[in-house]
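This report concerns only the one structure given below.
Read-outs: derived from the displayed coordinates by stated rules, not from any lab. Just so it is clear, the model here is predicted, and its values are computed rather than measured. Cβ placement follows ideal geometry from the backbone for every residue including glycine, while neighbour counts extend to all protein chains displayed.
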């Protein structure tokens with residue numbers, strides 16, 4: 001491959017461009033929808049499980065990122081600087097025999113030149129024949145840790161079956177307000193005949209963890225159903241251990257004991273609204289419970 005062929009958009013490829021008829025792309029967006037590093041954990045799982053290799057990264061990340069906000073990481077020893085890691089958006093690729101190849105991208109939200117960033121990601125998708133793009137993430141929500149984690153989402157593209165999300169137990173996202181410009185990747189991908197899935201797991205607003213295996217497990221369950229990707233049994237054990245720790249810590253919080261029934265009631269109402277196929281309507285009682293829950297400062301687990 002010629003040197004000039006090693007750049008697509010603003011991405012520089014360190015490996016020859018893989019030859020593929022079709023691939024699935026999985027992405028997360030940090031920090032906008034990566035609460036407790038859930039999306040990052042899922043992508044790492046996919047990288048490790050399928051031996052994905054890094055094939056590209058932005059050639060000049062400073063074109064897009066403010067390094068006073070995304071700080072570089074430095075390694076200093078007695079004889080000086082040994083290593084300096086610059087924040088970047090990297091792309092990994094996994095070749096799978098008998099199934100679609102995987103494109104994995106952990107996107108950092110750009111502070112500038114966002115249109116150029118978005119165009120570059122979409123050019124890579126086109127070059128790698130991406131047919132399905134799945135955005136994975138997590139956000140805080142007024143939900144209890146004592147119930148199965150809710151996942152909200154939507155899909156876009158031609159020939160999309162409306163029953164898919166319902167069959168997976170996915171709540172619809174009904175929202176109007178501030179967002180990330182990187183959502184244009186999702187919108188433009190769908191307009192380019194790429195099937196789009198978005199799955200966001202709701203994390204209890206009082207659970208603050210460096211690595212949330214309960215949230216990871218919830219997203220991996222969906223990927224297992226859709227793409228037959230195995231779930232690591234060790235993650236079950238880590239998720240159970242985390243839940244036990246959360247239970248133990250919150251057992252001592254009296255204010256939380258008073259709030260928990262309200263969170264559980266609001267959760268149960270949301271589930272009933274799905275069963276009634278009335279997802280767009282939140283009754284007055286549920287709305288009141290949700291706002292009371294969100295307004296309370298209940299600390300963290």
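A few points about this structure:
- Highest-fluctuation residue, 184, 258, 156 considered, GNM on the chain with Cα pairs under 10 Å: 258
- At 1.002 mPa s and 20 °C, Stokes diffusion of the stretch 3-232 via Kirkwood alpha-carbon radius, µm² per second: 116
- On Cα atoms only, tilt of 233-250 relative to the major axis of the chain in degrees: 40
- Once both labels are positioned 7 Å from their Cα atoms along Cα-to-Cβ, the gap between residue 82 and residue 126 label points is 4.4 nm.
- Percent of beta bridges antiparallel (DSSP, the stretch 3-232, rounded to nearest 5): 50
- MRE, 222 nm, helices only [DSSP H, n ≥ 4, -39500 (n - 2.57), over the chain, to nearest 500]: -11500 deg cm²/dmol
- Measuring nothing but how far apart in sequence close Cα pairs (under 8 Å, 6+ apart) lie, relative to its length, the chain scores a relative contact order of 20 percent.
- The stretch 13-48 and the stretch 204-228: distance between their alpha carbon centers, rounded to Å: 15
- For residue 51 and residue 156, the FRET efficiency from 1/(1 + (r/R0)^6), where r spans their Cβ atoms and R0 equals 35 Å, is about 0.70.
- Residue-span extension gain [residue 19 to residue 164] - 0.36 nm each, minus C-alpha spacing: 49.2 nm
- FRET efficiency for the residue 67 to residue 178 pair, using the beta carbon distance and R₀ = 22 Å, is estimated at 0.40.
- Grouping the Cα pair distances of the stretch 1-137 into 10 Å bins from zero gives a pair-distance distribution of 11, 40, 35, 12, 2, 0 percent in increasing distance order.
- Folded to 0 to 90 degrees: helix 38-49 orientation relative to the chain principal axis, Cα: 50
- Going from the fewest other Cβ atoms within 10 Å to the most, the residues 78, 241, 221, 83 appear in the order 78, 83, 241, 221.
- Förster radius 25 Å - calculated FRET efficiency between residue 251 and residue 208, Cβ distance, rounded to 0.05: 0.90
- Relative to the dominant Cα principal axis of the chain, helix 254-275 is inclined by about 70°.
- The stretch 83-169, Cα convex hull volume normalised per residue, Å³: 224
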